[in-house]
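**Student:** Have a look at this one before I ask anything.
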Amino acid sequence: MECKLFITGETHPSGMIFLDLSTFFGHLHPMVVHLPIGFLLLAAGFNGLSYFKKYKYLRTAVGITLLAGFISAVIACVFGYLLSLSGDYNMETLSNHKYSGITLALLSGVLWFTCSHNTKPGFLTDRILAASSVVVVALLFYVGHQGGNLTHGSEYLSLETLTHVERTKPLTPEAAFVFEDIIAPVLEKRCVGCHRAGKRKGELLLTSWDNIMKGGKHGEVVVSGSLTKSELYQRITLDRDDEDFMPSDGKPPLTRSETIVIKWWIMHGAVRNKMLSEIAGYDSIQQVVSQVLALPGSMTTSEENSMADHTVNPLIPEKLDSAFINALRKKGFIIRLMSHRPVMLDLSLPSHSQIKMSDIEKELDAVSENIVWLNLSDNNFNDYDLKVLRKMTNLEKLRLEKNPIGDAIADEVKDLKYLNAINLNETKLTKKGMTVLRQNPSIKKIYCWKTEAEQSK
């Protein structure tokens, strides 16, 4: 069997794509570069302390430490050069970093040679060594600063960074500015690392609305109202194995919600300086925006990724009027949107809410077929209150613990063919109710701690 190892673009039979050797070793530069920093600072520290009588013995360690710093600096230079071939860096900053790094490696080598061949310390030698140590440390900081500019951008360590004021996070989706509060943070998190000052892949900057609209060396990347002409959207929705997929270099891709808001933004004019509530039809994107902004009650990224692999029940309605969701929120429910198409809901009523079922029954009926997870625990609901469960035909997980309910609850859920887990801890469930529950083959987990059913197992 023919196997092509470490050839750019070739796919191994197992499905893995191997980087070429130069790119692989180039990626080791950020790790290796810390070795000369440590060794050279240690050498300077040893040399400085050796001028005190108590630590004079440290002078013998300066030479070997400088040698280690010199060797690791040379290796870092080689790996740094290989890394420079794989990215679109700002040439001026790259040159400053490259040549100052080479100078530092050579200077540390000369300094090591001088120390190792001059075993008779004297006034002149001490002065030269002390001055050289200061120069090495100063040059080390300069090289590191230039490397930081390449990695994080020239604005990373600047007065602008010190004086930058973070935007106040909006409390509701409607109060968010579409670009400033929703789109820009997504791009900052996922894309700006490779498309900023100092490293603008494809001559593209994604640090501001103006820069985005300028596009890159291949032209426009966002075309208002057109997904097919918007290179930004095309790149983030490619197959992850595609060499043009963005973000590249193994960086975490956009979440499903982040991709949806980018799509919605482009299709609604790629607007700037407009609040979400000012855009016609904004209610269709409210729940997604809540997840992107990580507002209370929204799904976390890990939960969203988990739901991506969830087998979708085809009977769950594709659409749902957001007015029903807003009505339940006003009644006190914490609601998470588990999926947008179909609309899958996770509803949770805080414990001791003192809400009566008659106050929320109408709203629950309206979204009953969209409820996948439901938590009504510790809210003083009785068996009669929970007759509403019969209409939740797509329910999968149900929490009813610490409610004054008994065996009658089993009759309410025995026909829910998608229900796989129910929590009835600290209720009045008995062996009789457990027998009825087990007639439902879809229920795999029944929690019955502190009930008669538990004692009768």
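**Student:** Answer rounded, prolate or oblate for the stretch 339-445, using the Cα gyration tensor with square roots of eigenvalues a ≥ b ≥ c: rounded when a/c is under 1.5, else prolate when a/b is larger than b/c, else oblate.
**Tutor:** oblate
**Student:** Considering only protein heavy atoms, what per residue accessible area in square angstrom results for the stretch 385-456 with a 1.4 angstrom probe?
**Tutor:** Heavy-atom accessible area per residue stands at 51 Å².
**Student:** Between rounded, prolate and oblate, where does the stretch 38-100 land on the alpha carbon gyration tensor, with a ≥ b ≥ c its root eigenvalues, rounded for a/c under 1.5, else prolate if a/b exceeds b/c?
**Tutor:** Numbers: a/c = 5.55, a/b = 2.93, b/c = 1.89.
Since a/c reaches 1.5 and a/b is larger than b/c, the shape of the stretch 38-100 is classed as prolate.
**Student:** May I pose another question? May I ask you to compute the full-extension gain from S284 to F245, defined as 0.36 nm times their residue separation minus their alpha-carbon distance, rounded to one decimal in nm?
**Tutor:** On the way: separation 39, 0.36 × 39 = 14.04 nm, distance 2.77 nm.
Result for the pair: 11.3 nm of gain on full extension.
**Student:** Solvent-accessible area per residue for the stretch 239-279 at a 1.4 Å probe radius, Å²?
**Tutor:** On the way: 2220 Å² over 41 residues.
With all protein chains present, the stretch 239-279 gives 54 Å² per residue.
**Student:** Determine the order of W449, W373 by accessible area, beginning with the largest, at a probe radius of 1.4 Å. Working shown, then result.
**Tutor:** Numbers: W449 125, W373 60 Å².
Correct descending sequence by accessible area is W449, W373.
**Student:** Roll a 1.4 Å probe over the protein heavy atoms and report the accessible area of V78 in Å², nearest 10.
**Tutor:** Here the residue's solvent-accessible area equals roughly 80 Å².
**Student:** How do Y51, Y282, Y57 rank by accessible surface area computed with a 1.4 Å probe, from largest to smallest?
**Tutor:** Y57, Y51, Y282
**Student:** Largest first, what is the accessible-area ranking of I64, I212 with a 1.4 Å probe?
**Tutor:** Sorted descending by solvent-accessible area, the residues read I64, I212.
**Student:** Right, something else. Determine the gain in length on full extension of the stretch Q234-M31; use 0.36 nm per residue of separation and subtract their C-alpha separation, reporting nm with one decimal.
**Tutor:** That works out to 69.8 nm of additional length.
**Student:** Which whole-number percent gives the relative contact order of the stretch 412-457, counting Cα pairs below 8 Å spaced six or more residues apart?
**Tutor:** 49 percent
**Student:** Return the equivalent ellipsoid semi-axes of the stretch 64-115 as a descending list in whole Å, where each equals the square root of 5 times an eigenvalue of the C-alpha gyration tensor.
**Tutor:** Result for the stretch 64-115: semi-axes of 25, 11, 5 Å.
**Student:** Here is a follow-up. For F324, what accessible area in Å² do you get when you roll a 1.4 Å probe over the heavy atoms of the protein chains, rounding to the nearest 10?
**Tutor:** Surface open to solvent at F324 totals about 80 Å².
**Student:** Could you compute how much accessible surface E369 exposes when probed at 1.4 Å, giving the result in Å² to the nearest 10?
**Tutor:** Estimated to the nearest 10 Å², E369 gives 90 Å².
**Student:** Between E361 and Q439, what FRET efficiency follows from the Cβ-Cβ distance if R0 is 30 Å, with the result rounded to 0.05?
**Tutor:** According to the calculation, E is roughly 0.70.
The values are calculated or read from the model by the stated rules, or taken from the named source; none is laboratory data. Bear in mind that the values here come from a model prediction, so they are computed numbers and not experimental data. Cβ sites come from the backbone with ideal geometry, for glycine too, and all protein chains shown count toward neighbours. To get the accessible areas, we keep the full protein, side chains included, count just its heavy atoms, and leave off ligands, DNA and RNA. Shrake-Rupley method; radii C 1.70, N 1.55, O 1.52, S 1.80 Å.
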